[in-house]
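To start, the structure itself, in structure tokens.
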Amino acid sequence: MLMDHTIVTLDEMRKKTKQMADTDELCSQHGGKYVEAFCDDHDAICCIECITENHRQCKMVRTLEQASLDIKTRLDPLVYRMNELEKQAVSVVEDRKTNMEDLLKQKKDVLTEVNKTRTDMQRYFETLETKLKEEIAQTHESLSEELQLQAHNFEHIFTNCRKRVLTASVNYGSNRDIFLTAFKLRKQCELYKIYIRSQSENSLRNDYSLHMNEIIKKFTNQIKSMGNVSIEQKSTNIVPSFYKYTRLSDCKYVGQILV
Ligand SMILES: [Zn+2]
Ligand SMILES: [Zn+2]
């Protein structure tokens, strides 16, 4: 009964073609043809060409007039669905905005952290540099003191090795005086000779040689980056699971919807 009532024949459709108004919908498949019917089997609106090509075997094809009877009383589910979708879309937009705001704050924190790391490293290197320079200064000071002391000791020998004392004694003293002076000078010379011999091992040539820490020398070669930032992704409940787990085959239209 129902089927007889609802099925529209191609002839009936052809008769109605001329009654189309300007506001009618054009068929997306057939340029210039107006949508005139609705196929329940395919849940699709169709023009006369569509019916000929794709809906000949369909059990429930109605004219738009038939399909739209009492439409105003059947809109509630659609309105409900649209409201739900709107709420859903709004909450996703809000969530994306919140996420963007959070990311902006996090980016600031991350950059601060990068700066802090650089400053800490710089300070650490400055501390090491200061320490090394202090050690060099200290080494230089004590070595200089040592060399000065050695020079001083030998200067002492040089100034005390008074040949003039002997000359004066020879010119003005008695043989006894000369003998005693010569004796004292000879003993003094022996002592100085022993001293010089003992110091010969200590009279070394000194040169500085800098040995930088191997790791620091290779630092620029081995360390190619300060680090990196990665994105951690966690699932949210913004989009309810019944949307998420929609069959993949339904997703082929997603691109078209968004265009
Ligand atoms: Zn068509
Ligand atoms: Zn059909």
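The values are calculated or read from the model by the stated rules, or taken from the named source; none is laboratory data. These figures come from a predicted structure and were not determined experimentally. Glycine also receives a Cβ, built like all others from the backbone with ideal geometry; neighbour counts cover every protein chain displayed.
In the stretch 48-65, the residues that are outside the structural domain of residue 38 (by TED's automatic domain parsing) form no Cβ pair under 8 Å with any partner that is within 10 Å of ligand 1 (Cβ to nearest atom) and among the aromatic types (Phe, Trp, Tyr), whether six or more places apart or across chains.
The single condition from (1) at pLDDT 90 or above; (2) of a type in the set (Lys, Arg); (3) touching a strand residue (DSSP E or B) at 6+ places or on another chain (Cβ under 8 Å); (4) away from ligand 2 (no atom under 16 Å from the Cβ) that residue 62 fails is (4). The residues of the stretch 174-219 that are within 18 Å of residue 151 (Cβ to Cβ) and either in contact with a helix residue (DSSP H, G or I) (Cβ under 9 Å, 6 or more places away or on another chain) or among the small types (Gly, Ala, Ser) (or both), listed by number, are 192, 195, 196, 198, 199, 200, 202, 203, 206.
Rundown of residues vs (1) surrounded by fewer than 13 Cβ atoms within 10 Å (Cβ to Cβ); (2) away from ligand 1 (no atom under 13 Å from the Cβ), yes/no style:
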residue: 38; (1), (2): no, no
residue: 43; (1), (2): yes, yes
residue: 53; (1), (2): yes, no
residue: 57; (1), (2): yes, yes
residue: 68; (1), (2): yes, yes
residue: 75; (1), (2): yes, yes
residue: 94; (1), (2): yes, yes
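Answer yes or no: is there a residue in the stretch 124-144 that is under 30 Å from residue 225 (Cβ atoms) and aromatic (Phe, Trp, Tyr). Yes, because at least one residue in the stretch 124-144 is under 30 Å from residue 225 (Cβ atoms) and aromatic (Phe, Trp, Tyr). Filtering the stretch 84-135 to residues that are of a type in the set (Val, Ile, Thr) and in contact (Cβ under 8 Å) with a residue 40 or more places away in the chain leaves 92, 110, 114, 117.
The residue list 139, 117, 112, 98 contains one member that is surrounded by 10 or more Cβ atoms within 10 Å (Cβ to Cβ) and closer than 21 Å to residue 234 by Cβ, which is 98.
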